[in-house]
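Read the structure below first, then the notes.
Throughout, read-outs are computed from the coordinates displayed, never taken from laboratory work. All of these numbers come straight from a predicted model, not from anything done at the bench. Every residue, glycine among them, receives a Cβ derived from its backbone with ideal geometry; neighbour counts consider all protein chains shown.
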Amino acid sequence: MASEYLKWKYRDVKPEEKRELTPAEKRKNWWEYHWWQLLLAIVGAAAAVSLVLTMLGVGQVKPDYQMAYVGSAALSEELAAEMEQAAAALGEDCDGDGAVTVRLNRYQHYAPDSADSNAMLYAQATEAKLVGDLEGCDSYFFLLEDPAWFQERYGVLVLPDGGEPAEDADGTACAVRVCDCPALAALLGEDGGADGPLGSLWLARRGFWTDKTSANPEQCQALWAVLTAGAAR
């Protein structure tokens, strides 16, 4: 007669029936194992949409006017904003969006013999951006530390009256000092004085020799006339 232990050991054991999960339990299990994949997918999709919108210019404020600062000294955010606001106060709403917007693009260059390798790399990147600006006709106005150097290097400036300068003309003939522009200097206050960080710079405009021009060329020409009205030549 088999012992009670053997009976128990070799007893018929029925497998536990597998319970069907409820829809809520299935969703919970799926979320526990896949939440990070869903998060990555959402982040990736958002990044792709943001990139496409940026490329299309959706949601970006398009300036009515563009100006480029070119100099060896850095131009602070505060001074850049001050110049943008002063120029905007004298301009007009070109695109009808209810606001006059001026964008000041800043290009700081370095001496070619700079021993700072990081500075040279930055200078090369800045040079590429400036050339892109010039080729794309982005900036109509130029705020220059040294108009003679700029004109010799790029040759895009015209005389204040819009005439084409002589080949051997000094670049200063194409520019007027900010402090000599009464309306603009008045809006800039002390910073627009002869010894001020903005007043000591030169204001110039570029010429166009093909059908390609900056945006809103007629309004840019009108703003130039207002900016330089009464300026000493």
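Given contacts defined as C-alpha pairs under 8 Å and at least six residues apart, what's the relative contact order of region 65-227, whole-number percent?
Working: 251 pairs, mean separation 42.9, N = 163.
Relative contact order, region 65-227: 26 percent.
For region 149-233, applying the loop criterion from DSSP together with a ceiling of 10 other beta carbons within 10 Å to the chymotrypsin sites (Phe, Trp or Tyr not before Pro) yields Trp209.
Local charge sum around Ser214 (other residues, Cβ-Cβ under 14 Å, Lys/Arg +1, Asp/Glu -1)? Net charge in that neighbourhood comes out at -2.
For region 65-227, the fraction of C-alpha pairs farther apart than 21 angstrom is 45 percent.
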